[in-house]
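Participant: I am attaching a structure below and will ask some questions about it afterwards.
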Amino acid sequence: MLRISAGRFRGRLIRSLPGKTTRPPLARVRQAVGNILAHMIVGADILDLYAGTGSYSFELLSRGARSAVMVESNPDAVKLIRENIRTLGVEHCSTVVQRDVLEFLSKATGEDVLFDVVMVAPPYFSGLDVSTMLKLGERPPVRAGGVVVLQQHRRETPVLRAGRLKILRTYKYGQTVLTLYGIGALST
């Protein structure tokens, strides 16, 4: 079980999958993401790639985000995300897509669907961090002033530039590194 750290669902528990098939971010990392993005969360549209349990989306919805699209390929994780959506009562503002993230991005970037925050938290040491960022950089589905947040293990190499996406800032929390990207010369 994971506890939401702030906002209207503060203290509420969401379920997580047992074992290591999904790796939910630590509470302090989820809280840090909410704090880092606090100035832009209210009314934001979130795209959560490699959603796992949906914990990033639920944390940001709790803090006032308008909507969340969670993309996850693992059918057990998708089922769990749907249960968490029902538990929190956020069916009206949450969408779950069961699909491979790179396939989803290939189709989604061809449309004019834009988000304020794109969370990217692939399995560590899978190479999906690099391939996802390169795919996102081709046609970033990010509104002006929006950000992409990449979660990596501290021993993974950050993507310095991915197409139109450039690093804005990096934060370190134990073994976890969060890198914020923006389009061009945006600042946070």
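The numbers here are math on the coordinates, done by the rules we state, and not lab data. Everything numeric in this text was worked out from a predicted model, so none of it was measured. For neighbour counting, all protein chains shown are included, and Cβ atoms are generated from backbone atoms with ideal geometry for every residue, glycine included.
Participant: Along the charge dipole of the stretch 2-183, which of 102, 9, 58 sits closest to the positive end, that is, farthest toward it, with unit charges on the beta carbon of Lys, Arg, Asp and Glu (+1, +1, -1, -1)?
Facilitator: 9
Participant: Same structure, new question: When DSSP assigns beta bridges and you keep just the ones with both residues in the chain, what percent turn out antiparallel, to the nearest 5?
Facilitator: Restricted to the chain, the bridges split so that about 50 percent are antiparallel.
Participant: Here's something else I'd like to know. Taking the Cβ of residue 165 as the centre, find all other residues whose Cβ is under 11 Å away and add up their charges (Lys, Arg: +1; Asp, Glu: -1).
Facilitator: Around residue 165, the surrounding residues sum to +4.
Participant: Please work out how many pairs of lysine residues in the stretch 2-183 are eight or more positions apart (or on different chains) and have Cα atoms closer than 30 angstrom.
Facilitator: Lysine pairs meeting both conditions in the stretch 2-183 amount to 10.
Participant: Please state the relative contact order of the stretch 2-183 as a whole percent: Cα pairs under 8 Å, 6+ residues apart?
Facilitator: The normalised contact order for the stretch 2-183 reaches 17 percent.
Participant: Can you show me the helix-derived [θ] at 222 nm for the chain, built from DSSP H runs with n ≥ 4 at -39,500 (n - 2.57) apiece and divided by the number of residues, rounded to the nearest 500.
Facilitator: -8500 deg cm²/dmol, from helical runs alone.
Participant: For residue 154 and residue 172 in one chain, what is 0.36 nm times their gap in residues minus the Cα-Cα distance, to one decimal in nm?
Facilitator: 5.7 nm
Participant: Scan the stretch 76-165 for chymotrypsin sites (Phe, Trp or Tyr not before Pro) in coil per DSSP, keeping those whose Cβ has at most 14 other Cβ atoms within 10 Å, and list them by number.
Facilitator: Taking the stretch 76-165 and a limit of 14 other Cβ atoms within 10 Å, the loop chymotrypsin sites (Phe, Trp or Tyr not before Pro) found are 125.
Participant: Using 0.36 nm times the number of residues separating residue 15 and residue 99, minus their current alpha carbon distance, what extension gain do you get?
Facilitator: 28.2 nm
Participant: Once the Cα atoms of helix 75-88 and of the chain are each reduced to a long axis, what angle between those two axes, in degrees from 0 to 90 to the nearest 10, is obtained?
Facilitator: Once rounded, the angle reads 60 degrees.
Participant: Within 10 Å, count the other beta carbons around each residue, average over each peptide in 64-72, 168-176, 38-46, and list them highest first.
Facilitator: 64-72, 38-46, 168-176
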